[in-house]
Amino acid sequence: MTPQEFKKRLGQLHEVINRGIAYYAIWRWVTLHDPARATWSLSQQNQLLDRYRGFFTPLANALLDGTLLQFAKLFDQDPQTASLPVLLRAARKDATLVAQCQSREIKKVIAEFKQVQTAVDILKRKRNEQLAHTDANPTQLGPLMNTDLENLAEKVKSAFNTLSAGHDGNVYIWDPMISKSDRDTPLVFEAILREMDRESAEAEIAIARTRT
């Protein structure tokens, strides 16, 4: 692999990671209630999701599917893809591609991914048997928990920065992408909740008028 091709695939991989973590951040807002961050109660969130379930249920499903698909791309073994295994193999084969880091750093990344291989296998099988295809008799898979996805995300971001820093010295800060999703998603929730409150208040006034 040439340095130009390595750089191109790093850029493609960066986009996939960005999409995956953005989808996951929004999915968490839609499906979970975090009292430390939400300005609304669990009861209010349940009312909102129940009232607009025709929108939020498909949205949550699409976000989770999108998250899993993007994460699965990161571990593709096809040599034609822009994935972590492909770039890590290229870096081990040709150290000049990551001349600004030491071989032990690449080995450390590979060793860390071996620690989460079970989660990676579940992720890829879900992609192959349930998302990209619908197998009639899919493999019985264990659950892929939020902690598994968060752990994978952290290792993926760290691995990418190891490769990127080793290639051209660039290290990416991932927080801005998550911050934008964490900023905009609750604003949407708050706007809908305000509208629900306004409609409820108007309904109460209308009922009161009919009684006078």
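The values are calculated or read from the model by the stated rules, or taken from the named source; none is laboratory data. Everything numeric in this text was worked out from a predicted model, so none of it was measured. Here the Cβ is made from the backbone with ideal geometry for all residues, glycine too, and neighbour counts use every protein chain on show.
Tell me, please, whether a residue that is crowded, with 18+ Cβ neighbours inside 10 Å and hydroxyl-bearing (S, T, Y) can be found in region 112-130.
No, every residue in region 112-130 fails to be crowded, with 18+ Cβ neighbours inside 10 Å and hydroxyl-bearing (S, T, Y).
Scan (1) more than 27 Å from P85 (Cβ to Cβ); (2) modelled with pLDDT of 80 or more for the single condition A203 breaks and write down its number.
It fails just one condition, (2).
Of the residues F71, F75, only one is aromatic (F, W, Y), under 17 Å from the mean Cα position of the chain (by Cα) and not in a helix (DSSP H, G or I); which? Full working, then the answer.
Details: F71 fails: not in a helix (DSSP H, G or I).
Result: F75 is the single residue among F71, F75 that is aromatic (F, W, Y), under 17 Å from the mean Cα position of the chain (by Cα) and not in a helix (DSSP H, G or I).
Could you check region 82-94 and list, in sequence order, the residues that are under 25 Å from the mean Cα position of the chain (by Cα) and in contact (Cβ under 8 Å) with a residue 40 or more places away in the chain? Walk me through how you get there before you give the answer.
If we filter region 82-94 for residues that are under 25 Å from the mean Cα position of the chain (by Cα), which is where we start, we get 82-89.
The answer is A82, S83, L84, V86, L87, L88.
Restricting to region 171-181, give me the number of residues that are farther than 17 Å from V16 by Cβ and in contact with a helix residue (DSSP H, G or I) (Cβ under 6 Å, 6 or more places away or on another chain).
Looking only at that region, the number is 1.
Sort out which residues of region 151-203 are within 15 Å of F113 (Cα to Cα) and either out of contact with any Phe, Trp or Tyr (no Cβ under 8 Å at 6 or more places or on another chain) or loosely packed, with under 11 Cβ neighbours inside 10 Å (or both), and write them in order of number.
Here is the first cut: in region 151-203, the residues within 15 Å of F113 (Cα to Cα) are 151-163.
Answer for region 151-203, where residues must be within 15 Å of F113 (Cα to Cα) and either out of contact with any Phe, Trp or Tyr (no Cβ under 8 Å at 6 or more places or on another chain) or loosely packed, with under 11 Cβ neighbours inside 10 Å (or both): N151, E154, S158, T162, L163.
Six or more apart or on different chains, Cβ under 7 Å: which pairs go from a residue in region 173-192 that's on the phi < 0 side of the Ramachandran plot and outside any helix (DSSP H, G or I) to one that's modelled with pLDDT of 90 or more and not aliphatic (A, V, I, L, M)? Could you list them?
W174/K157
Of (1) under 13 Å from F71 (Cα atoms); (2) out of contact with any Asp or Glu (no Cβ under 8 Å at 6 or more places or on another chain), A119 satisfies all except one. Which?
(2)
Among the residues of region 1-32, how many are more than 18 Å from L149 (Cα to Cα) and of a type outside the set (F, W, Y)? Quick ask: steps written out before the conclusion?
Kept after step one, since they are more than 18 Å from L149 (Cα to Cα), are these residues of region 1-32: 1-12.
Next, only the ones that are of a type outside the set (F, W, Y) stay: 1-5, 7-12.
Result for region 1-32: 11.
Can you tell me which of L74, L48, L97 is out of contact with any Phe, Trp or Tyr (no Cβ under 6 Å at 6 or more places or on another chain), touching a residue at least 60 places away in the same chain (Cβ under 8 Å) and under 21 Å from Q12 (Cα atoms)?
Going through L74, L48, L97 in turn, the sole match is L74.
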